[in-house]
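Taking it in order: structure first as structure tokens, then the write-up.
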Amino acid sequence: ETGVTQSPTHLIKTRGQQVTLRCSSQSGHNTVSWYQQALGQGPQFIFQYYREEENGRGNFPPRFSGLQFPNYSSELNVNALELDDSALYLCASSLVGQGDGYTFGSGTRLTVV
Amino acid sequence: AQSVTQLDSQVPVFEEAPVELRCNYSSSVSVYLFWYVQYPNQGLQLLLKYLSGSTLVKGINGFEAEFNKSQTSFHLRKPSVHISDTAEYFCAVRPANQAGTALIFGKGTTLSVSS
């Protein structure tokens, strides 16, 4: 079975720009979650998608948005980038009904300058 | 709402010594509990999880954890650590039996194993 893959692995953007991060879910999983991990911190929940709709959101502003596609892959979009958006962005996929099946990708390291 | 407190930000130990990484949680509902490990420049790997049943949970790489409901703790232990165990460790919780809820993570504990 394939794991969760994220692209790109590293990215440098300028403040004010927009960025799109991509995630391919593990085979058989139908839910995808995104987390932001600032340096030296634990991951913070951004949002979760199930059946192509957002069904949970953490304390992040609307300029953080996402999509889930019919093949369960997902995108995270961040508009009007700020310096504090610099972080590791982690994608996790799971199967609804399973309490434990979170599989994480290796993340995208975003640096905003 | 749930919260997780990892009581030690850094734990230095010598190789082959035992180690305990402490985790306390707060929740008004029943929870599932997890420990993840993160090696440098990598994502999170599940070490072990508690969903229900036996309070002593065994995971990968020789790690185990004990769920203590009265003390709202889920401490991670290993009887003998290796250099390769050097990594960041995260404790996480989520509400039990509630689909669509997110994992809530602690701030992490850096385990440094030296020879």
Quiz item: Looking at region A:11-43, which residues lose a minimum of 10 Å² of accessible area between their chain alone and all protein chains in place, measuring with a 1.4 Å probe and not counting ligands or nucleic acids?
Solution: A:TYR35, A:GLN37, A:GLY40, A:GLN41, A:GLY42, A:PRO43
Quiz prompt | Test item: Cα-centred dipole of region A:50-98, Lys/Arg +1 and Asp/Glu -1 on Cβ, debye | solution = 140
Quiz item: Relative contact order for chain B: what is it in percent, counting Cα pairs under 8 Å that are at least 6 residues apart?
Solution: 37
Self-check item: Solvent accessible area, Å² - B:PHE67, 1.4 Å probe, full protein context
Solution: 30
Quiz prompt | All-pairs alpha carbon distance profile, region B:65-115, 5 Å steps from 0, percent | solution = 5, 16, 19, 22, 18, 11, 7, 3, 1
Quiz item: When the accessible area of the protein assembly as shown is split by element with a 1.4 Å probe, what percent falls to carbon and sulfur?
Solution: 48
Quiz item: Taking amide H positions as placed 1.01 Å from N in the peptide plane, with prolines and chain starts having none, which residues 5 or more places from B:SER112, or on another chain, fall under 5 Å of its amide H?
Solution: B:VAL11, B:VAL13
Quiz item: Any idea what diffusion coefficient chain A gets from Stokes-Einstein, in µm²/s, Kirkwood Rh on alpha carbon pairs, 10 °C, 1.306 mPa s?
Solution: 114
Quiz item: In debye to the nearest 20, how big a dipole does chain A give about its Cα centre with +1 on each Lys and Arg Cβ and -1 on each Asp and Glu Cβ?
Solution: 260
Quiz item: So which GluC sites (Glu not before Pro) in region B:1-81 end up in coil per DSSP with only 14 or fewer other C-beta atoms within 10 Å?
Solution: B:GLU15, B:GLU16
Quiz item: Under a point-charge model restricted to the Cβ atoms of Lys and Arg (+1) and Asp and Glu (-1), what is the dipole moment magnitude of the protein assembly as shown relative to its Cα centre, in debye to the nearest 20?
Solution: 280
Self-check item: Size of the B/A contact, given as accessible area buried on both chains, probe 1.4 Å, in Å²
Solution: 1500
Exercise. Go through region B:10-22 residue by residue and turn each phi into a ³J(HN,Hα) via Karplus (6.51, -1.76, 1.60, θ = phi - 60°); whole Hz please, and just put x for glycine and proline.
Key: 9, 10, x, 9, 8, 4, 6, 7, x, 9, 9, 10, 9
Self-check item: Other protein chain Cβ atoms within 10 Å, averaged over every residue that makes up B:43-53
Solution: 4
Quiz prompt | Bins of 5 Å, starting at 0 and running to the largest distance - Cα pair percent for the protein assembly as shown | solution = 1, 7, 15, 19, 19, 17, 12, 7, 3, 1, 0
Practice problem: Find the lysine pairs in the protein assembly as shown meeting two conditions, Cα atoms under 18 Å apart and a separation of 8 or more places or different chains, and report how many there are. | Solution: 6
Quiz item: Under the definition of Cα pairs under 8 Å and six or more residues apart, what whole-number percent is the relative contact order of chain A?
Solution: 37
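The values are calculated or read from the model by the stated rules, or taken from the named source; none is laboratory data. Please read all numbers here as calculations on a predicted model, not as lab measurements. Neighbour counts run over all protein chains shown; Cβ positions are idealised from the backbone, glycine included. Just the protein is used for accessible areas: all its heavy atoms, side chains included, with ligands, DNA and RNA removed. Shrake-Rupley method; radii C 1.70, N 1.55, O 1.52, S 1.80 Å.
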